[in-house]
Amino acid sequence: MMYPTLLVLFVAFVAVSARDEDEAYKYLQSYHYISSTRSGNHDFTTAVRHFQQFMNLPVTGDVDRATLNMMRKPRCGVPDVEDGTFKTRKRRFSVFGSKWSKTHLTYYLQHGQDLPRATQERVIERALQYWSEVSPLTFSRIGDPNQADLKMR
């Protein structure tokens, strides 16, 4: 009678693992560890190793709890891999639980040539207003790009 219970537990464990690997595969595709080009990396284990290395995790090539937990943390949408090949870049986001205590951010806007200046300013101001409405962040424009928290062009 104990065998059916063990079988059910084993099947449930395998199903969770398959879902986790599917989630990991999609994540690795999204951040370009698995390439969409013919010449890039298509090996899942290599992609997992590269991700673990980039995140300073133990490099096993296995989708373990630590790897999944790191993949599930909030982050920016900028890929970690460029041009279809693994290139370590400077990490531009926090994944280790530290929070940015600054809530008033300054920004500098360098105008482009494709839209009138007033339109560009209105669009940026409205976008930042949306952020202010749903977060503790406030924004102000400054004229010196070297002093700005955000530089937009």
Most packed first (mean Cβ within 10 Å per residue), the peptides 118-131, 55-68 order as 55-68, 118-131
Hey, can you rank 104-112, 69-77 by average C-beta count inside 10 Å, highest first? 104-112, 69-77
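None of the figures in this text is laboratory data; all of them are computed from the coordinates on show. Just so it is clear, the model here is predicted, and its values are computed rather than measured. Cβ coordinates were reconstructed from backbone atoms using ideal geometry, including for glycine residues, and neighbour counts include every protein chain displayed.
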